[in-house]
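Engineer: Okay, here's the structure, questions in a sec.
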């Protein structure tokens, strides 16, 4: 069922966020634009605490002309907006559900390939991908890989504790580093590429990963 909202609706949401009370816990969630899809906006459920096991639910809206249209309830939306994970773990690309048991942390390659984490028997998880017009393909088979992220050149970055039991970053199947020197994203959907480095939120602070050296640096 489609719901339509006047432009004033988004203005109201923004005004509420701007006029938040001193107690930040009472402030309504501010709308967040989907990277690479200026017409899409996410509004997080009030009071939701994001984490890997119980991801927060958002409402996805699309701007069409002078109206705002409800799209769906989601856990995550890939950059560009073509793919999304709906509550319950269904991965939808366009109108089609292409996989289930999917966690947040979608990644989109320059050619439109979508990479994601599939977890059929937690805590086991692997990285899968779907090429445009194709079917799901398994990228790892160790049960310890997750949090995929595509570099601008199309190389696939992800985290894993395969081979040594110590979590770290892998680039196209090659280990870059290990914990505790390495840090990994606590919120996969916030990871971005900036200034030639991968910037991610590890929960305690922002970090930068140099994919050439494998070094992670805590940002001020």
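Engineer: Alpha carbon centre of the stretch 68-108 versus the stretch 159-182: separation in Å?
Structural biologist: A separation of 27 Å, based on Cα centres.
Engineer: Follow-up. Could I have the simple spin-label model distance between residue 120 and residue 175, label points 7 Å from Cα toward Cβ, reported in nm to one decimal?
Structural biologist: Here the modelled spin labels are 2.6 nm apart.
Engineer: If R0 is 22 Å, what FRET efficiency do you get for residue 153 and residue 218 from their C-beta distance, rounded to 0.05?
Structural biologist: Working: r = 26 Å, r/R0 = 1.16.
Between residue 153 and residue 218 the formula returns 0.30.
The numbers here are math on the coordinates, done by the rules we state, and not lab data. These numbers were taken from a predicted model, which means no experiment stands behind them. All Cβ positions, even for glycine, are placed from backbone atoms using ideal geometry, and neighbour counts span all protein chains on display.
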